[in-house]
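The values are calculated or read from the model by the stated rules, or taken from the named source; none is laboratory data. Treat the numbers as computed from the prediction; the structure is a model and nothing was measured. We place every Cβ from the backbone using ideal geometry, glycine too, and count neighbours over all the protein chains shown. Heads up: the accessible areas ignore ligands, DNA and RNA and are worked out on the full protein's heavy atoms, side chains in. Shrake-Rupley method; radii C 1.70, N 1.55, O 1.52, S 1.80 Å.
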Amino acid sequence: MRYLSFRTATAYESVGAIVDGHIVDLAAMLPDETSPDDVPGLRSFDLEEITVLPLVPDPTKVVAAPVNYFDHKTEMNEDAHIDSLGVFLKAPSSVLAAGETVRLPYTDRRFDQEGELAFVVGRTARDVAPQHAGAYIAGYTCLLDMTMRGGEDRSTRKSFDTFTPLGPYLVTPDEVGDVSALRLRTWVNNELRQDADIAELIWGVPELLAYVSSVMTLQAGDVVTTGTPAGIGQVRDGDRVAVEISRIGRLEVAVSAANAVACPTRGAGRGPRPPDEVTPVRER
């Protein structure tokens, strides 16, 4: 099943399931406690009638995996990957709905796109064994980990408002099937920048959830994103970025530098150095 959060033209907000190309309003199927005599009914909308809202509007945390593909480790000239780095947190306020606009905050810093597979936690998880990880996953989605390059703390560089677009759909594990068989691709405008198999993750989904839940308690609705493959590159005002994952969907956003200012911190030129040119997509 595929789910999304939405708003109608009348400002009605709800969660829906995609059925035969229409959005079935799940809230309308629940009893109304204020009107117990009303019988729940079936109400649906066309995709053209709604605005997509943030898939998970208020996660308690967004947990991200640094350097979880070997080809990304190579392109960034990193001397370590996830098994030495652990994970980091992104501000929940950075979450952005599909179809919205990433806002670049500074005029004098480099910003890159990073396409990723993410999963949403379905129930409280603590010290979960890898073989039991699937029981704690509500579903999978597409995510863009927008990033400012430099020497500031990783969480700071990735936590600006609008820097975690995700969605548009939450796809349940039964519909996704074998996660390792998924393919991820990212475009900036019409340029294919990233093309990777999820099977290439250094830590796969079970290992990642197990590790994160050994560090912190995960709550229902928390987002865990699995890291980006090679092909990161600079994005600029006016660009359009899309990440597509087979059997999950396609997430698209615009990029704007409107109201950007000079950066007040001095991290430019420090930290891991990204390639000057986008790493070429490998032939398949």
Among Gly122, Gly86, Gly167, the single one that is exposed (fewer than 14 other Cβ atoms within 10 Å of the Cβ) and either of a type in the set (D, E, K, R) or over 25 Å from Ala268 (Cβ atoms) (or both) is Gly86
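For the range 65-75, enumerate the residues that are more than 21 Å from the chain's Cα centre (by Cα) and either part of a loop (DSSP other than H, G, I, E, B) or polar (S, T, N, Q) (or both).
Scanning the range 65-75 gives a single hit, Thr74.
Of the residues Pro105, Pro92, which is under 22 Å from Ile232 (Cα atoms) and surrounded by 15 or more Cβ atoms within 10 Å (Cβ to Cβ)?
Numbers: Pro92 fails: under 22 Å from Ile232 (Cα atoms).
The match here is Pro105.
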- Is it fair to say Val212 is in a strand (DSSP E or B), on the phi < 0 side of the Ramachandran plot, among the β-branched types (Val, Ile, Thr) and in contact with a strand residue (DSSP E or B) (Cβ under 9 Å, 6 or more places away or on another chain)? no
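Is the range 122-144 home to any residue that is closer than 19 Å to Val261 by Cβ, modelled with pLDDT of 95 or more and assigned to a strand (DSSP E or B)?
No, the conditions are met nowhere in the range 122-144.
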Among the residues of the range 215-233, the number that are assigned to a helix (DSSP H, G or I) and under 28 Å from Pro275 (Cβ atoms) is 0
Of the residues in the range 44-80, those that are touching a Phe, Trp or Tyr at 6+ places or on another chain (Cβ under 9 Å), surrounded by fewer than 19 Cβ atoms within 10 Å (Cβ to Cβ) and either polar (S, T, N, Q) or farther than 17 Å from Asp25 by Cα (or both) come to Thr51
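Yes or no: Arg185 in contact with a Leu (Cβ under 9 Å, 6 or more places away or on another chain), in contact (Cβ under 8 Å) with a residue 12 or more places away in the chain and among the basic types (Lys, Arg)?
So Arg185 fits the description; yes.
Can you tell me which residues in the range 170-188 are open to solvent by 10 Å² or more (accessible area, probe 1.4 Å) and in a loop (DSSP other than H, G, I, E, B)? Lay out the reasoning, then the answer.
Filtering the range 170-188 down to residues open to solvent by 10 Å² or more (accessible area, probe 1.4 Å) leaves 170, 172-175, 177-181, 183, 185, 187.
Residues satisfying the conditions are Thr172, Gly177, Asp178.
Kindly establish whether Arg236 is more than 27 Å from Pro130 (Cα to Cα), over 15 Å from the mean Cα position of the chain (by Cα) and part of a strand (DSSP E or B). Write out each step before concluding.
On the way: more than 27 Å from Pro130 (Cα to Cα): yes; over 15 Å from the mean Cα position of the chain (by Cα): yes; part of a strand (DSSP E or B): no.
Considered against the rule, which asks whether it is more than 27 Å from Pro130 (Cα to Cα), over 15 Å from the mean Cα position of the chain (by Cα) and part of a strand (DSSP E or B), Arg236 comes out as no.
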